[in-house]
Amino acid sequence: MLYLIGLGLWDEKDITVKGLEIARSCSRVYLEMYTSRLMGAETEKIEKLIGKNVHELSREDIEENPFFLDEALDEDIAVLVGGDPLVATTHVDLLIRAMEKGVEYKVIHNASIYSAVSETGLQIYRFGKTASIPFWEENFKPKSFYDVMKQNLKNDLHTLFLLDIKPPRYMSPKEAIEILSNIDNSFLERDVVVLSRVGGDTKIVYGRAGRVKDIEFGKPMHVLIVPASLHPVEEEFLEKFKYK
C-alpha cells in the first residue's frame, strides 16, 4: 500500500492524527519537499515526531523513477508531502503510475494554500485560475501568468500567484511585483494582497503594488494575490491590513 500523506502548511506539527498514525506504522517513510516546502520543519524534526528514519526524495525520484512504488507492492510505504498531496499535478501522475503497477493507495489530505488564502478575507469561491510566477533569466522571460490575471480580472475573479521556489532561493513579493510591472508598468497602480508564512508567523498586507513592493516581508514563503472587485465583507476585512 502506498500512503500519500499531506503535512499541512508550516511545520511537522501540522500533520493530521491519522497521517501521523499511518506514517508510524509504515515500513518506510519518504519525504518530498520540492513541490511545496514547510518552512518551519526540518527532516530531523519529522523523524523525531514519527520515530523512524525519513528518506528525502528528489524531483527525479517522483517524476522519473518512483522506485518506492515497487516497494509498495509488498509493504506499506508512506510519502510525506507539504500542503495537501493532490494540489500538485505531479502527485496525480504518481497515482496513475501506482494504479498501472497494481499498487493500492490511500491519500491522507491536509490544509493547503488553496484554502488558506481565505485568511485574507477574500472569498474562496471568487478565485479564478491560479498561476505561478517563475524567476526570469536572461533567455527565459515568460509572461503567460500575466495573461491568466487579465482573464481572471475580466471575469471579476481574484488571482492567486504562487511564487517560484529554487532552494535556497525563494521569490519575494518585491521580485514578483517587479516582474509583473516589467510586463505592464500600470500594474504598480493596482491593489494587491501579500500573504506570508501562512500557518506560522502569518503576515497579511493589502495595498497599492507600487508601495507594497518596498515592504520587507521577511522569511519565505509568500504568495501574491491580485483582487478583482471586492464584496463589502472582503473590503471591510482587508481594510484591517491596509498598508498606510
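Specify the residue that is farthest from residue 72 (Cα to Cα); the eligible residues are those in region 1-39 that are of a type in the set (D, E, K, R) and part of a loop (DSSP other than H, G, I, E, B).
Per the stated criteria, the residue is 11.
State all residues of region 79-90 that are surrounded by 21 or more Cβ atoms within 10 Å (Cβ to Cβ) and either outside any strand (DSSP E or B) or of a type outside the set (Gly, Ala, Ser) (or both); if no residue qualifies, say none.
79, 80, 81, 82, 84, 85, 87 - these are the residues of region 79-90 that are surrounded by 21 or more Cβ atoms within 10 Å (Cβ to Cβ) and either outside any strand (DSSP E or B) or of a type outside the set (Gly, Ala, Ser) (or both).
Hand me the list of helices (runs of 4 or more DSSP H) wholly inside region 133-244 holding 3 or more residues that are surrounded by fewer than 19 Cβ atoms within 10 Å (Cβ to Cβ) and modelled with pLDDT of 95 or more.
Ranges flagged: 144-154, 173-183, 232-239.
For residue 205, are the conditions met, namely being without any contact (Cβ under 8 Å) to a residue 60 or more places away in the chain, hydrophobic (A, V, I, L, M, F, W, C) and in contact with a His (Cβ under 7 Å, 6 or more places away or on another chain)?
no
Given the criteria at pLDDT 90 or above, of a type in the set (A, V, I, L, M, F, W, C) and touching a helix residue (DSSP H, G or I) at 6+ places or on another chain (Cβ under 7 Å), does residue 5 qualify?
yes
Which of (1) surrounded by 17 or more Cβ atoms within 10 Å (Cβ to Cβ); (2) of a type in the set (A, V, I, L, M, F, W, C); (3) over 22 Å from residue 222 (Cα atoms); (4) modelled with pLDDT of 95 or more is the odd one out, the single condition residue 62 does not satisfy?
Just one mismatch for residue 62, condition (4).
The values are calculated or read from the model by the stated rules, or taken from the named source; none is laboratory data. Remember, it's a predicted structure, so these values are computed and weren't measured experimentally. Note that each Cβ is placed from the backbone with ideal geometry, even for glycine, and that neighbours are counted across all protein chains shown.
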